[in-house]
Amino acid sequence: MIGYVIGDNDMLTGFRSVGVDGVEVTSLDETEKALTNALKRTDIAILIVSDTFSNEPSIRKKIDYVRLECTSPLIVEIPSSKKHSNKVQLSDIIGKILSSQQGE
C-alpha cells in the first residue's frame, strides 16, 4: 500500500523528495480526473489532496463519500503552498497563549 498526492507542483516536489508519487493539477477538471483515477486504484492507502479545489462541490462530494462509506484510502487534505488558508493555525494559537501567559 502506498501514499499518493494530488496537488500543485510545489506540493508534488516536496512529497516526491521523500518517495511519495502523485499528479500535478492546475484546474478543477484535472482534479476531478485525478481523484477519480486515484480512487480506482487499489494500491493507494493514503491519498493526500491539496485544499485548492477540495471545497468545490464535485470534489467535496467524492471526498465525503469515500470518508463515510469506504475503508480505504484515507484522504488527507492539506493547505496549498500557493494560497493562504482562512483556517487558524495551531502554532498561532499556541503562540498567543504563551505570549499572554508571559504578561501575567
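Every number in this text was worked out from the coordinates using simple rules, so none of it is lab data. Bear in mind that the values here come from a model prediction, so they are computed numbers and not experimental data. FYI the Cβ positions are ideal-geometry reconstructions off the backbone, even for glycines, and counts take in every protein chain you see.
Structural remarks
- Rough spin-label spacing in nm, given labels placed 7 Å along Cα→Cβ, for ASP43 and GLU56: 2.7 nm
- Each residue, ILE2 and LEU74, gets one label point 7 Å from its Cα in the Cβ direction; the gap between the two is 1.9 nm.
- Among the trypsin sites (Lys or Arg not before Pro) found in segment 1-49, those both in a DSSP coil and sparsely packed, with 11 or fewer other Cβ atoms within 10 Å of their Cβ, are ARG41.
- Computed over segment 18-63, the ratio Rg/Rh where both radii use C-alpha atoms and Rh is Kirkwood: 0.94
- Cross-link reach list, aspartates and glutamates versus LYS33, counting only Cα pairs under 19 Å and skipping chain neighbours closer than eight places: ASP8, ASP21, GLU24, ASP43, ASP51, GLU56, ASP64, GLU77
- In a DSSP loop and with at most 12 other Cβ atoms within 10 Å, there are no GluC sites (Glu not before Pro) in segment 29-75.
- Placing unit charges on the Cβ atoms only, positive for Lys and Arg and negative for Asp and Glu, gives segment 1-75 a dipole magnitude near 280 debye about its Cα centre.
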